[in-house]
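The values are calculated or read from the model by the stated rules, or taken from the named source; none is laboratory data. This is a predicted model, so every value here is computed, not measured. Note that each Cβ is placed from the backbone with ideal geometry, even for glycine, and that neighbours are counted across all protein chains shown. Accessible surface is based on the protein model in full, side chains and every heavy atom, while ligands, DNA and RNA are left aside. Shrake-Rupley method; radii C 1.70, N 1.55, O 1.52, S 1.80 Å.
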Amino acid sequence: MHGTDLVVYTKDSRTVLTDRIKEGHALACADFFGQGRDQVVMGWRNPNVTGETGLRIYVGSDAEGKKWTEYTLDEKIKIACEDLLPADLDGDGDLDIIASGRATHNLVVYWNQRKK
């Protein structure tokens, strides 16, 4: 909580997913894409060195947990993410993401529209 780094630890390694956050405050791990393994969703609430706040999702590409790709969930909506929760809001079997931003006074639902 309130961190500057997002890190994945496995039995044999420590992998830094990002060190470009300020006050990391929201975190969830779940299989959003039906890959059979979890992805990591992270949000932070204070502007980082480039002035950004927001949410990112990290998708692992290897079984060892050492290779990850970062994706921005939305570049248009500005949210100083205080908390997030995965939930299947529309009953389609896919986890959506509910994110709240106290400083930005907003609540955003990111609908999972993955192609099956």
Practice task
Mind checking the range 15-84 for trypsin sites (Lys or Arg not before Pro) that DSSP puts in a loop (not H, G, I, E or B) and that have at most 10 other Cβ atoms within 10 Å?
Solution key: K76
Handout entry: Rg in Å to one decimal, and Dmax rounded to a whole Å, for the range 75-116 via C-alpha atoms
Key = 11.3, 36
Practice task
Just name one of G54, C29, Q39: the one whose Cα is farthest towards the positive end of the charge dipole of the chain (beta-carbon charges, Lys/Arg +1, Asp/Glu -1).
Solution key: G54
Exercise for the section: Report the dimensions of the range 1-48 along its three principal axes from the alpha-carbon atoms, largest first, rounded to Å. Expected result: 33, 25, 14
Completion exercise
The local net charge around H25, scoring Lys/Arg +1 and Asp/Glu -1 for residues other than H25 whose Cβ lies under 11 Å from its Cβ, equals 0
Practice task
Within 10 Å, count the other beta carbons around each residue, average over each peptide in 105-111, 11-17, and list them highest first.
Solution key: 105-111, 11-17
Exercise for the section: Provide the per residue accessible area, probe 1.4 Å, for the chain, rounded to a whole number of square angstrom. Expected result: 61
Fill in the blank from the handout: Between the modelled labels at A87 and V16 (7 Å from Cα along Cα→Cβ) the distance in nm is 3.6
Fill in the blank from the handout: In whole percent, the fraction of accessible protein surface over the range 1-91 that belongs to carbon or sulfur atoms, probe radius 1.4 Å, stands at 49
Practice task
Would you pull out the residues with amide H under 5 Å of N46's amide H, same chain only if 5 or more places away, H placed 1.01 Å from N?
Solution key: K22
Fill in the blank from the handout: With T = 10 °C, eta = 1.306 mPa s and Kirkwood Rh from C-alpha pairs, the Stokes-Einstein D of the range 14-81 in µm²/s is about 126
Practice task
Mind computing the radius of gyration and Dmax over the alpha-carbon atoms of the chain? Å is fine for both.
Solution key: 14.0, 41
Exercise for the section: Estimate the FRET efficiency between H2 and Q35 by the formula 1/(1 + (r/R0)^6), using the beta-carbon distance for r and 35 Å for R0, to the nearest 0.05. Expected result: 0.75
